[in-house]
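Taking it in order: structure first as structure tokens, then the write-up.
Any read-out appearing in this document is the output of simple, stated calculations on the displayed coordinates, not a laboratory observation. Remember, it's a predicted structure, so these values are computed and weren't measured experimentally. When we count neighbours, we look across all protein chains shown, and the Cβ atoms used for this are built from the backbone with ideal geometry, even at glycine.
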Amino acid sequence: MKVNVIGEQISQDEINAYIEYGKKKYSDREIIGMTVKIDGEYVDLQYDFKNIPFDRIRRITGYLVGTLDRFNNGKRAEEHDRVKHSV
């Protein structure tokens with residue numbers, strides 16, 4: 001993990017404590033980097049996260065779907081025959 005410290009110098013133990021804090025606070029996301037900005041008594045922590053992949057979901061023939069692989073032949077034909085409007 002890349003850690004960037006701006007302002008005063010801090011110990012490695014303090015950096016490790018900020019990393020552990022971020023891992024607990026954002027346990028559902030993967031942290032790939034961190035910036036620590038120090039201004040006197042104030043510390044600002046900024047975490048950089050790994051991108052989360054997502055699936056495209058469309059409304060097709062009244063259903064929210066990502067792909068057509070679970071459609072039966074009738075629904076596939078309905079999707080094939082529908083009028084597609086351009087933007």
Please return the ranges of strands (runs of 3 or more DSSP E) entirely within segment 42-87 where 2 or more residues are free of Cβ contacts under 8 Å to residues at least 24 places away in the same chain, surrounded by 10 or more Cβ atoms within 10 Å (Cβ to Cβ) and under 18 Å from the mean Cα position of the chain (by Cα). 42-49
So, Gly7, is that one on the phi > 0 side of the Ramachandran plot and surrounded by 13 or more Cβ atoms within 10 Å (Cβ to Cβ) or not? yes
Does any residue in segment 28-41 that is free of Cβ contacts under 8 Å to residues at least 12 places away in the same chain and under 15 Å from Gln9 (Cβ atoms) come within less than 9 Å, Cβ to Cβ, of a residue that is of a type outside the set (Val, Ile, Thr) and loosely packed, with under 13 Cβ neighbours inside 10 Å six or more places away or on a different chain, and which pairs are these? Gly40/Glu8
Would a scan of segment 5-27 turn up a residue that is of a type outside the set (Phe, Trp, Tyr) and part of a strand (DSSP E or B)? yes
